[in-house]
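The values are calculated or read from the model by the stated rules, or taken from the named source; none is laboratory data. Just so it is clear, the model here is predicted, and its values are computed rather than measured. In this analysis, Cβ positions are derived from the backbone assuming ideal geometry, glycine residues included, and neighbour counts consider all displayed protein chains.
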Ligand SMILES: [Zn+2]
């Protein structure tokens with residue numbers, strides 16, 4: 001395949017792909033007989049993007065779920081659940097994105113009123129809480145008081161389940177959703193690789209991801225974080241195990257000695273660590289334990305939602321990488337402004353000041369908790385505007401080039417040097433609908449016209465579909 005008339009690192013050029021690799025990059029490349037030719041239309045050709053923090057199965061499930069988040073109110077949410085009940089007879093209803101702004105601290109009673117005897121479970125936007133109705137509770141083992149994590153008040157189940165994902169998953173084993181929808185939506189945005197950062201990922205999750213990839217549901221390369229038990233897993237082309245992921249429970253911090261031991265164990269097994277840090281105490285505890293256990297190249301702070309200025313030097317010294325979500329500023333910035341102390345607001349999802357201090361910073365969608373659109377995320381990194389248009393952390397803005405760099409570092413070197421399109425390298429590329437000079441003015445508006453993974457078109461926009469099915473016979 002030959003892509004002609006595309007902009008590669010600032011100049012118009014052609015790019016030839018053969019056997020999954022880039023065979024040539026040069027202006028004026030001529031098509032060979034029978035070769036497919038794509039007219040790049042002068043659009044920029046960039047390396048396929050890597051989403052450095054995503055939850056694939058949760059994203060797949062959310063695509064089939066009822067959105068229960070703001071700006072809905074209680075009535076609107078009830079209405080949505082009722083219509084889902086009507087349209088999915090017999091099945092479970094799964095709600096996502098719930099926040100107290102919708103209907104307060106809801107329990108089973110609220111959902112019973114919406115759904116009657118159809119089982120419903122609604123996930124809080126934080127990802128930490130599920131609310132289940134009575135019909136759902138009946139399908140789960142409520143058993144003795146001690147052998148399940150369901151919340152009780154005065155001996156009765158409230159329907160709330162905090163930090164019970166593993167338990168819930170174990171009892172709802174039936175469903176690991178198909179990943180084709182996720183694979184397609186990522187390809188459509190130019191994403192050719194992802195890091196699944198689920199802290200509970202184990203050998204069974206790994207096998208399910210590997211099988212989904214073998215079946216072609218996903219074309220992206222996968223780096224899979226998770227439990228220490230992933231040590232035992234052997235990767236194959238396109239999927240391999242990565243760091244040990246730790247999920248700290250804010251307000252319920254770990255025993256320091258145990259945490260330090262866990263970090264050392266991960267390092268001893270040749271793996272780095274990735275720690276979910278959304279509060280200042282999360283971050284302090286992590287840096288403390290990391291300093292004591294000894295940091296290893298590749299150790300990551302996920303989210304780094306709040307970074308007080310006096311911790312930046314320490315992070316740089318330890319050599320940790322930050323994998324952040326600039327789009328949370330756009331998606332949730334206004335509720336942060338309402339919920340946080342004013343002096344904490346400038347510490348939110350920092351990027352510019354971290355990079356300036358020498359800390360590698362990369363981007364990840366955290367989908368389904370954030371939108372899986374790297375271009376919207378880059379836009380948010382550049383303008384840091386909330387939904388209501390307020391700029392949060394002006395000093396943290398990135399240039400459009402640095403914003404693109406959040407998604408073009410290598411899978412195991414996030415925030416490191418951008419991968420480049422190079423002869424001999426993998427043909428993982430995204431063709432944009434405009435030259436970079438225009439893309440950088442409005443990254444959120446960029447459309448990806450074509451995505452190649454190892455030379456295969458995994459996404460082609462409407463204007464390119466025809467060119468792909470009808471190979472050009474002769475050069476003109
Ligand atoms: Zn996450």
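Taking the residues in the stretch 190-199 that are outside any strand (DSSP E or B) and buried (at least 24 other Cβ atoms within 10 Å of the Cβ) as candidates, determine which candidate is farthest from the ligand (Cβ to nearest atom).
Per the criteria, the residue is 190.
Restricting attention to the stretch 423-475, and to residues there that are assigned to a helix (DSSP H, G or I) and modelled with pLDDT of 95 or more, which single residue is farthest from residue 180 (Cα to Cα)?
437
Taking residue 368 and the conditions (1) surrounded by fewer than 16 Cβ atoms within 10 Å (Cβ to Cβ); (2) at pLDDT below 95, which numbered condition does it fall short on, given that it satisfies the others?
So residue 368 meets the others, but not (1).
Of all the residues that make up the stretch 45-72, how many are within 16 Å of the ligand (Cβ to nearest atom) and either in contact with a helix residue (DSSP H, G or I) (Cβ under 6 Å, 6 or more places away or on another chain) or under 25 Å from residue 430 (Cβ atoms) (or both)?
Number of matching residues: 12.
Consider only pairs whose beta carbons are under 9 Å apart and that are at least six residues apart or on different chains; among these, list those whose first residue lies in the stretch 282-304 and is touching a residue at least 40 places away in the same chain (Cβ under 8 Å) and whose second residue is within 15 Å of the ligand (Cβ to nearest atom) and in a helix (DSSP H, G or I).
Between residues of the stretch 282-304 that are touching a residue at least 40 places away in the same chain (Cβ under 8 Å) and residues that are within 15 Å of the ligand (Cβ to nearest atom) and in a helix (DSSP H, G or I), the close pairs are 303/282; 303/328.
Looking at the stretch 315-328, is at least one residue modelled with pLDDT under 95, away from the ligand (no atom under 16 Å from the Cβ) and either in contact with a helix residue (DSSP H, G or I) (Cβ under 9 Å, 6 or more places away or on another chain) or more than 19 Å from residue 364 (Cβ to Cβ) (or both)?
Within the stretch 315-328, not a single residue is modelled with pLDDT under 95, away from the ligand (no atom under 16 Å from the Cβ) and either in contact with a helix residue (DSSP H, G or I) (Cβ under 9 Å, 6 or more places away or on another chain) or more than 19 Å from residue 364 (Cβ to Cβ) (or both).
Of all the residues that make up the stretch 46-89, how many are in contact with a strand residue (DSSP E or B) (Cβ under 9 Å, 6 or more places away or on another chain), within 16 Å of residue 133 (Cβ to Cβ) and at pLDDT 90 or above?
Number of matching residues: 5.
Within the stretch 276-294, is there a residue that is within 16 Å of the ligand (Cβ to nearest atom) and within 15 Å of residue 412 (Cα to Cα)? Working first, answer last.
At the first step, the residues of the stretch 276-294 found to be within 16 Å of the ligand (Cβ to nearest atom) are 276-279, 282-283, 286.
Still in the list and also within 15 Å of residue 412 (Cα to Cα): none.
No, because not a single residue in the stretch 276-294 is within 16 Å of the ligand (Cβ to nearest atom) and within 15 Å of residue 412 (Cα to Cα).
Could you pull out the residue among 204, 170 that is modelled with pLDDT under 95, within 30 Å of residue 112 (Cβ to Cβ), outside any loop (DSSP other than H, G, I, E, B) and away from the ligand (no atom under 16 Å from the Cβ)?
170
Only one of (1) surrounded by fewer than 22 Cβ atoms within 10 Å (Cβ to Cβ); (2) in contact with a strand residue (DSSP E or B) (Cβ under 7 Å, 6 or more places away or on another chain); (3) more than 20 Å from residue 458 (Cα to Cα); (4) not assigned by TED's automatic domain parsing to the domain that holds residue 125 fails for residue 226. Which number is that?
(1)
Residues 310, 383, 373, 366: which one is within 15 Å of the ligand (Cβ to nearest atom) and in the same structural domain as residue 190 (by TED's automatic domain parsing)?
Only one candidate passes the filter, namely 366.
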